[in-house]
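Once you've had a glance at the structure underneath, I'll fire off some questions.
The values are calculated or read from the model by the stated rules, or taken from the named source; none is laboratory data. Just so it is clear, the structure is predicted and the values come from calculations on it, not from any experiment. Every residue, glycine among them, receives a Cβ derived from its backbone with ideal geometry; neighbour counts consider all protein chains shown.
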């Protein structure tokens, strides 16, 4: 996406912020999805973003992940610039674990292969076993996505995102369309595993109850504009 | 006719009526351009080919190019003579770009129509049945005539044995061209969709332009290439690759557009390197499209004559060249035997390509809950 721009060297971040957005805007055609959003998320913290459908929640996460290029503004990760108009740092260089609204599992890979996908190096085998145990997926390790139930697929997607121990976890309504019991179980799993890897969590939902379980700050997104609580 | 499968059930619900309605069809079918786009390839290929027309003594522009070069050995004269055809084909390609883009938007496996069966009106069913009948006749009548002309399976066998060298040479050429086209198709599709994920019309146009070249012009151009790039017996694979790589690009592009984008994004975010995401996820999901592209190009190469005729090495002939020569000698029974063999080979490759493409739809969709 073009050459890396020369950065002005301005102090754009708050001290300790792992994710910083400054006046970020994104439009699709004539529709504004995210409008002048500024945000700091500190290391090891949790930020829940709530808002109705179409309020720009997913776009905001995609901008942080580097899956979208902002039309205006800047995204910073740690002390490093990550996105601005015309330049985006590749998503795999951002130390991000992303859980999509749909599990988005690869049909040709088993659960264990999904977990191993983001890992490299000699310790990957033991890390795979550890994550599979944490997410109670050990008995399903050799199954393909088509052989899993909806809840099992969500757990597999979570395990895949957690395995590389990312510093940032982005979750886009990961528990949509699950029954309350399964939702509660997976929420507990998210809280426990996030704490274990000490990741910064940005969690997007339209369910007002989920932030209560997750703790942390809550921000509201309406019409692409952010109101931090 | 492709239907927008996601909106169709919604439209049906709106109608609140199980019977077909014209409003429903008009509101939910993809724009008719999708169907018109299917005409694009036959039109362009008809403009640029001359082999069939020559048997009926029809003097096409592509035939003129071939004749001019045969008489004068002048590349410049051939090029000038080819310019009108080149311009017309290029215009057809340019005009059809939007339509071709739409046609590559085929639905994925699993995006099937929900709800009950869709009730088509009688005239659509009759039309579809008639189209199917015509398609069957297009295959069955020539095959029946060929079988009758040959006489017996033993005669076919003896003809095939007599043409073993040509069959072997054609198979090797088709395999080489198929593989080369698939690789170029993959690169072309990647190039066309490099930035935003949706193909760029400008790039796609450039990638499709080789289709506009009249077959003899491709051969004439490659004679020059053959002088400094000695490919020997592999030379006939080169014009087929040049001519059919755009077909492979379209096939791979269609498969790429069928792949659930979230699967690719999940790979991009999760993979420790871009290469792993590409090799372990994208290439695998696009794989059936690559196979379909290779097989389709193999089938097309088997029948390619206009350019191959000019670049074939001395003493070597493809099946199409041998058939062409037999036809001029009036050896109809041998021609029929060879045509039958070629039709079976090309047909098998075509069916395999279709199978691979259908399978690609399944591979392109994300795993759905099993229970």
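Kindly indicate whether residue A:47 is within 21 Å of residue A:213 (Cα to Cα) and at pLDDT 90 or above.
Against the criterion (within 21 Å of residue A:213 (Cα to Cα) and at pLDDT 90 or above), residue A:47 qualifies.
Yes or no: the stretch B:328-341 includes at least one residue that is at positive phi and either crowded, with 21+ Cβ neighbours inside 10 Å or modelled with pLDDT under 75 (or both).
So far as the stretch B:328-341 goes, yes, one or more of its residues are at positive phi and either crowded, with 21+ Cβ neighbours inside 10 Å or modelled with pLDDT under 75 (or both).
When only residues in the stretch A:141-150 that are surrounded by fewer than 20 Cβ atoms within 10 Å (Cβ to Cβ) and under 11 Å from residue A:114 (Cβ atoms) count, which is farthest from the other protein chains (Cβ to nearest Cβ)?
Selected residue: A:141.
Name the single residue, out of those in the stretch A:130-139 being touching a residue at least 24 places away in the same chain (Cβ under 8 Å) and in a helix (DSSP H, G or I), that is nearest to residue A:112 (Cα to Cα).
A:132
Among (1) closer than 24 Å to residue B:276 by Cα; (2) part of a helix (DSSP H, G or I), where does residue A:142 come up short?
With (1) closer than 24 Å to residue B:276 by Cα; (2) part of a helix (DSSP H, G or I) applied to residue A:142, the lone miss is (2).
Given the criteria under 30 Å from residue A:156 (Cβ atoms) and crowded, with 24+ Cβ neighbours inside 10 Å, does residue B:251 qualify?
So residue B:251 does not fit the description; no.
When you scan the stretch B:202-210, do you find a residue that is free of Cβ contacts under 8 Å to residues at least 24 places away in the same chain and either within 24 Å of residue B:357 (Cβ to Cβ) or under 15 Å from the mean Cα position of the chain (by Cα) (or both), even just one?
yes
Got a sec? Which of B:291, B:295 is surrounded by fewer than 23 Cβ atoms within 10 Å (Cβ to Cβ), farther than 22 Å from residue B:232 by Cβ, touching a helix residue (DSSP H, G or I) at 6+ places or on another chain (Cβ under 6 Å) and more than 14 Å from chain A (Cβ to nearest Cβ)?
Only one candidate qualifies: B:291.
Here is a follow-up. Taking the condition more than 11 Å from chain B (Cβ to nearest Cβ), free of Cβ contacts under 8 Å to residues at least 12 places away in the same chain and on the phi < 0 side of the Ramachandran plot, does residue A:30 pass?
yes
Can you list residue pairs whose Cβ atoms sit under 7 Å apart, with the first residue in the stretch B:52-68 being within 15 Å of residue B:328 (Cα to Cα) and the second being modelled with pLDDT of 80 or more? Count only pairs 6 or more apart in sequence or on different chains.
These pairs meet every condition: B:53/B:60; B:53/B:63; B:54/B:63.
Please work out if residue B:199 is under 30 Å from residue A:88 (Cα atoms) and either modelled with pLDDT under 90 or outside any helix (DSSP H, G or I) (or both).
Yes.
Across the stretch A:170-196, what is the number of residues that are touching a strand residue (DSSP E or B) at 6+ places or on another chain (Cβ under 6 Å) and within 11 Å of chain B (Cβ to nearest Cβ)?
Summing the residues that are touching a strand residue (DSSP E or B) at 6+ places or on another chain (Cβ under 6 Å) and within 11 Å of chain B (Cβ to nearest Cβ) in the stretch A:170-196 gives 2.
What is the number of the single condition among (1) surrounded by 24 or more Cβ atoms within 10 Å (Cβ to Cβ); (2) more than 25 Å from residue B:84 (Cβ to Cβ) that residue B:273 does not meet?
With (1) surrounded by 24 or more Cβ atoms within 10 Å (Cβ to Cβ); (2) more than 25 Å from residue B:84 (Cβ to Cβ) applied to residue B:273, the lone miss is (1).
Here's something else I'd like to know. With the structure loaded, tell me whether residue A:153 is more than 11 Å from chain B (Cβ to nearest Cβ), out of contact with any strand residue (DSSP E or B) (no Cβ under 6 Å at 6 or more places or on another chain) and either surrounded by 16 or more Cβ atoms within 10 Å (Cβ to Cβ) or under 22 Å from residue A:210 (Cα atoms) (or both) or whether it fails that test.
Against the criterion (more than 11 Å from chain B (Cβ to nearest Cβ), out of contact with any strand residue (DSSP E or B) (no Cβ under 6 Å at 6 or more places or on another chain) and either surrounded by 16 or more Cβ atoms within 10 Å (Cβ to Cβ) or under 22 Å from residue A:210 (Cα atoms) (or both)), residue A:153 does not qualify.
Does at least one position in the stretch B:192-204 carry a residue that is surrounded by 15 or more Cβ atoms within 10 Å (Cβ to Cβ) and under 25 Å from residue B:315 (Cβ atoms)?
Looking for residues that are surrounded by 15 or more Cβ atoms within 10 Å (Cβ to Cβ) and under 25 Å from residue B:315 (Cβ atoms), one finds none in the stretch B:192-204, hence no.
Which one of these does residue B:224 not meet: (1) surrounded by fewer than 16 Cβ atoms within 10 Å (Cβ to Cβ); (2) free of Cβ contacts under 8 Å to residues at least 40 places away in the same chain?
(2)
Restricting to the stretch A:41-62, give me the number of residues that are within 14 Å of another protein chain (Cβ to nearest Cβ) and in contact with a strand residue (DSSP E or B) (Cβ under 6 Å, 6 or more places away or on another chain).
3
Shifting gears a bit: Can you name the condition, by its number, that residue A:87 falls short on among (1) over 26 Å from residue A:175 (Cβ atoms); (2) surrounded by 19 or more Cβ atoms within 10 Å (Cβ to Cβ)?
So the condition that residue A:87 fails would be (2).
Do we find that residue A:104 is within 12 Å of chain B (Cβ to nearest Cβ), surrounded by 21 or more Cβ atoms within 10 Å (Cβ to Cβ) and farther than 17 Å from residue A:165 by Cα in this structure?
Criteria met by residue A:104.
Restricting attention to the stretch B:268-283, does a residue exist that is within 14 Å of chain A (Cβ to nearest Cβ), in contact with a strand residue (DSSP E or B) (Cβ under 7 Å, 6 or more places away or on another chain) and at pLDDT 85 or above?
Checking the stretch B:268-283: at least one residue is within 14 Å of chain A (Cβ to nearest Cβ), in contact with a strand residue (DSSP E or B) (Cβ under 7 Å, 6 or more places away or on another chain) and at pLDDT 85 or above.
Can you tell me which residue is surrounded by the fewest Cβ atoms within 10 Å (Cβ to Cβ) among those in the stretch A:64-82 that are within 14 Å of chain B (Cβ to nearest Cβ) and under 23 Å from residue B:261 (Cβ atoms)?
A:71
Given the structure, is residue B:216 crowded, with 24+ Cβ neighbours inside 10 Å, in a helix (DSSP H, G or I) and modelled with pLDDT of 90 or more?
When the stated conditions are applied, residue B:216 does not pass them.
If the requirement is being farther than 30 Å from residue A:70 by Cα, at pLDDT below 95 and more than 8 Å from every other protein chain (Cβ to nearest Cβ), which of these qualifies: A:124, A:95?
Going through A:124, A:95 in turn, just one is farther than 30 Å from residue A:70 by Cα, at pLDDT below 95 and more than 8 Å from every other protein chain (Cβ to nearest Cβ): A:124.
Now a separate question. Just name the residue that is nearest to residue A:132 (Cα to Cα) out of those in the stretch A:107-121 that are surrounded by 22 or more Cβ atoms within 10 Å (Cβ to Cβ) and facing another protein chain (nearest Cβ under 9 Å).
Filtering the stretch A:107-121 for residues that are surrounded by 22 or more Cβ atoms within 10 Å (Cβ to Cβ) and facing another protein chain (nearest Cβ under 9 Å), the one nearest to residue A:132 (Cα to Cα) comes out as A:114.
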